[in-house]
Every structure is written in C-alpha cells, then in structure tokens.
Amino acid sequence: MTHYERIGGEVVVRKLVDRFYELMDQQQDFHGIRELHAKSLKASREKLFMFLSGWLGGPQLYVEKFGHPRLRQRHLPFAIGEGERDQWMNCMLQAMQGLGLEESLRKELAAAFQKTADFMRNKEG
Ligand code: HEM
C-alpha cells in the first residue's frame, strides 16, 4: 500500500494540509516561516495539497497542473536555514498528531518530511 492509501487518501491529506497552515498561521513558534508566505495562505494550501497527493503515492495532481515541482529551486527566493527547517518540521509534526495515524506510518512520514525539509535549506544557520 502507498503512504497515500495508508494515510486515508484525499480527505486525510486535505485535513493534514489544512491543519498545517492553520497552525502556521496561529502559533507564535511558527511566526518566522509564516512571514515568508503571502498574506493569504489559500494558494499555498492548494499547492501543498496537490503536491503531497503525488509525493505520498497518490494522484500526481501538482505535476499534471504545474509540471515538475523543482521544489528546491522554487524555495530559493526564501532564506531557509536550520531554524526555518525546524519550524516547518515542527508544524508538520503537530499537524500529523491530530490525525490519529498508526505509529509506524507516522514515523515513516516524519522521516520522509525531515529529508525533504532538510533538502530545502539554502543558507547557513
Ligand atoms: C524547510 C522549510 C520550508 C519553508 C520555510 C517553506 C516555505 C515556503 C514558502 C514561503 C512558499 C511560497 C508560498 C507562497 O507563495 O506564499 C512555499 C511553497 C511551497 N512549498 Fe515550502 N517550505 C519549506 C519546506 C517545504 C517542504 C518540506 C515541502 C514538501 C514536502 C514544501 C512544499 C511546498 C510547495 C509544494 C510549495 C508550492 C510551490 C509552488 O509555488 O508551486 N515546502 N514554501
């Protein structure tokens, strides 16, 4: 089974993304990365949902609409160091907590997100 199927498909991926941006918007801990985003999180929400759908092994919604994600290149306009990476990760870990995922799946996803978030770093510190 793919991560997409194990997580619970489209409904749960949406839930995860909605919670992720809700936390980013509301929690002081994530203020640093919230500031990097546009005032409205609507477009980010839709794009992350579409991206994660394919990244988790489900429909390649992002690729079908926008082509290859070139994720690292798309993040170059934003200064991302360890601090920003850790804020992003903590926000995602908190968002996952509310989904009631099976422990082994939660761990696998945490490791995969960690790898991708670390890859996005483009400055020291
Ligand atoms: C490491 C820390 C990260 C920071 C600080 C960060 C920040 C951002 C920002 C500021 C944007 C632009 C949003 C806007 O235009 O308002 C963005 C876009 C995006 N991010 Fe991240 N991001 C991080 C990691 C990640 C990771 C790990 C993923 C995927 C697992 C991801 C997926 C995306 C996607 C799909 C977009 C939309 C790209 C597009 O414009 O088509 N980001 N991110």
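For the reader, a short list of remarks on this structure follows.
- Virtual spin-label span in nm between residue 114 and residue 25, 7 Å along Cα→Cβ: 3.0 nm
- Over the chain, the fraction of Cα-Cα pairs per 5 Å bin, rounded to whole percents and listed from the shortest bin up, is 2, 11, 20, 26, 23, 14, 5, 0.
- Note, ³J(HN,Hα) from phi for segment 116-122, Karplus 6.51, -1.76, 1.60, rounded to Hz, x at Gly and Pro: 5, 5, 5, 5, 7, 5, 9
- Measuring nothing but how far apart in sequence close Cα pairs (under 8 Å, 6+ apart) lie, relative to its length, segment 18-125 scores a relative contact order of 31 percent.
- Sum of side-chain charges, residue 122 neighbourhood, beta-carbon under 14 Å (Lys, Arg +1; Asp, Glu -1): +2
- Dipole magnitude of the chain, debye to nearest 20 (Cβ charges: Lys/Arg +1, Asp/Glu -1, about Cα centre): 400 debye
- Residue of 85, 72, 19 that the Gaussian network model of the chain assigns the largest fluctuation, springs spanning Cα pairs under 10 Å: 72
- Carbon plus sulfur fraction of accessible area for the chain, probe 1.4 Å, in percent: 51 percent
- The heavy atoms of residue 102 present about 110 square angstrom of accessible area, all protein chains included, probe 1.4 Å.
- Two-site label geometry, residue 106 and residue 65: point separation in nm, points 7 Å out along Cα→Cβ: 3.0 nm
- Computed with a 1.4 Å probe over protein heavy atoms only, the accessible surface of segment 54-105 comes to 58 Å² per residue.
- If you count Lys pairs in the chain whose Cα atoms are under 19 Å apart, skipping same-chain pairs closer than 8 places in sequence, the total is 8.
- Counting all C-alpha pairs of segment 1-68, share separated by more than 20 Å (%): 35 percent
- Entry note, segment 22-77: relative contact order of 16 percent, from Cα contacts under 8 Å with a spacing of 6+ residues.
- Each residue of segment 38-45 was assigned a 3J(HN,Hα) from its phi angle through the Karplus expression (A = 6.51, B = -1.76, C = 1.60, θ = phi - 60°), giving 5, 4, 8, 8, 4, 5, 4, 4 Hz with x at Gly and Pro.
- About its Cα centre, segment 27-76 has a charge dipole of approximately 160 debye under the convention of +1 per Lys or Arg Cβ and -1 per Asp or Glu Cβ, with nothing else charged.
- In this calculation the C-beta distance from residue 10 to residue 90 is compared with R0 = 30 Å, giving a FRET efficiency of 0.75.
The values are calculated or read from the model by the stated rules, or taken from the named source; none is laboratory data. Source: prediction; values computed, not measured. Counting neighbours? That spans all protein chains shown, and the Cβs are built from the backbone with ideal geometry, glycine included. To get the accessible areas, we keep the full protein, side chains included, count just its heavy atoms, and leave off ligands, DNA and RNA. Shrake-Rupley method; radii C 1.70, N 1.55, O 1.52, S 1.80 Å.
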